[in-house]
1. Given (1) farther than 18 Å from residue B:143 by Cα; (2) among the aromatic types (Phe, Trp, Tyr); (3) crowded, with 18+ Cβ neighbours inside 10 Å, where does residue B:6 come up short, assuming only one miss?
2. Tell me, which helices (runs of 4 or more DSSP H) wholly within the range B:130-231 include 2 or more residues that are within 29 Å of residue A:79 (Cα to Cα) and over 18 Å from the mean Cα position of the chain (by Cα)?
3. Of everything in the range B:109-126 that's of a type in the set (A, V, I, L, M, F, W, C) and assigned to a loop (DSSP other than H, G, I, E, B), which residue is modelled with the lowest pLDDT?
4. As an exercise: evaluate residue B:169 against (1) of a type in the set (A, V, I, L, M, F, W, C); (2) surrounded by fewer than 16 Cβ atoms within 10 Å (Cβ to Cβ); (3) more than 14 Å from every other protein chain (Cβ to nearest Cβ) and give the number of the one condition it does not meet.
5. Across the range B:118-163, what is the total count of residues that are surrounded by 13 or more Cβ atoms within 10 Å (Cβ to Cβ) and either among the aromatic types (Phe, Trp, Tyr) or more than 14 Å from chain A (Cβ to nearest Cβ) (or both)?
6. Answer yes if at least one residue in the range A:88-95 is touching a Lys or Arg at 6+ places or on another chain (Cβ under 9 Å) and within 14 Å of chain B (Cβ to nearest Cβ), and no otherwise.
7. Would you pick out the residues in the range B:29-50 that are surrounded by fewer than 14 Cβ atoms within 10 Å (Cβ to Cβ) and in contact with an Asp or Glu (Cβ under 8 Å, 6 or more places away or on another chain)?
Amino acid sequence: MRSVLTGLRAWLVQRVTALYLLAFIIYFIAHFLFASPSDYDTWRSYAAQGDVKLLVLAGFVALLLHAWVGLRDVMLDYVKPISARAVALPLVAGALIAIGLWMLVTIAPLR
Amino acid sequence: MKISIFRYDPERDSEGRMQDYEIEPEPHEAMLLDLILRLKGEDDTLTLRRSCREGVCGSDAININGRNGLACITPIRALGERAVLRPLPGFPVIRDLVVDMTQFFKQYVSIKPYVVDPGPMPDKERRQSPQARERLDGLYECILCACCTSMCPSYWWNPDKFVGPAGLLQAYRFLADSRDRDTKARLDDLDDVYRLFRCRTIMNCTEVCPKALAPSRAIERIRLMLAERAL
């Protein structure tokens, strides 16, 4: 059986998400340098804008995919016994999904 | 100068040890292999592989001061006062500096290191333009000494699943060959999580290749071929 995220696809996903994250980080650093929000309310209303929300959510999707490919690569190298893998892989996947869900319920309802 | 050599005799030793030798290079001795062979003349239990003694056969690949290389083309002058010689890292040791290369050659054979063309046999040779032939430069020169593969951490972790730099350089050598008709099957074979993509672009392979080849570039080209095919 071939998993969905393997071989070339996993490699491409990791590179494309890396590029997105790079742009994402530069954008936010620039935003805080040149248009730093003065207080929490400004920051909150900025973050609640539709396009900013989309950027952040996409950023987290990219981060989680990137982390999954990277961590799985490390585990395939170092975690040899199948039994240990059977624990480690779902554990990491579960943790990443939990982070994703937490992000979703935090950011999506922002008004 | 002082030469420290890894010694292991499976019939006598339970594990390997380092043995120190004091030896002064004679004027006619230019390469490290000359010194090792003189030591072997004095102590014939010292075991190593060597054949052509001029960097063509790839038999005498060993780890020299932490870096893989061919003893026969490593100048004594470049070593300084002390040389530590070990068998190729990551390979099972048979005896002293001799390693078991079975897995290495298994990976090499797995990439089908020959031109595949199911069409009818040509009357004479399979012709190739000079331009198409040029694309094989930097690929065909590999002597399979295993210096690169044995320096590759990805290969250390998964020698049975990751083809390794030497095998992948050869995989690309046949992907790049205008006479080969097996491109699709070759690429399919490499497109999984282990065979090609265990490469983490560490580039030790290119760094140590005694023939100055670039397995990491060949690996990059295979990735691009896969990407071009998919996009």
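The values are calculated or read from the model by the stated rules, or taken from the named source; none is laboratory data. What you see is a predicted model, and the numbers here were worked out from it, not measured in a lab. Note: ideal-geometry Cβ built from the backbone for every residue, glycine included; neighbour counts use all protein chains shown.
1. The failed condition is (3).
2. Values: elements: B:130-134, B:147-150, B:153-157, B:165-175, B:183-190, B:204-208, B:215-230.
Per the criteria, B:183-190, B:215-230.
3. Applying the first criterion (of a type in the set (A, V, I, L, M, F, W, C)) to the range B:109-126 yields B:109, B:111, B:115-116, B:121.
Going one step further and asking which of them are assigned to a loop (DSSP other than H, G, I, E, B), we end up with B:111, B:115-116, B:121.
Details: B:111: 97, B:115: 96, B:116: 97, B:121: 91.
Residue satisfying both the conditions and the ranking: B:121.
4. (2)
5. Taking the range B:118-163 first, the residues surrounded by 13 or more Cβ atoms within 10 Å (Cβ to Cβ) are B:126, B:128, B:132-133, B:135-136, B:138-159, B:161-163.
The next check asks that each one be either among the aromatic types (Phe, Trp, Tyr) or more than 14 Å from chain A (Cβ to nearest Cβ) (or both); those that pass are B:126, B:128, B:132-133, B:135-136, B:138-151, B:155-157, B:162.
Qualifying residue count, the range B:118-163: 24.
6. Keep residues of the range A:88-95 that are touching a Lys or Arg at 6+ places or on another chain (Cβ under 9 Å), which gives A:89, A:92-93.
Cutting the leftovers down to within 14 Å of chain B (Cβ to nearest Cβ) gives us A:89.
The answer is yes, given that some residue of the range A:88-95 is touching a Lys or Arg at 6+ places or on another chain (Cβ under 9 Å) and within 14 Å of chain B (Cβ to nearest Cβ).
7. Within the range B:29-50, B:45 is the sole residue that qualifies.
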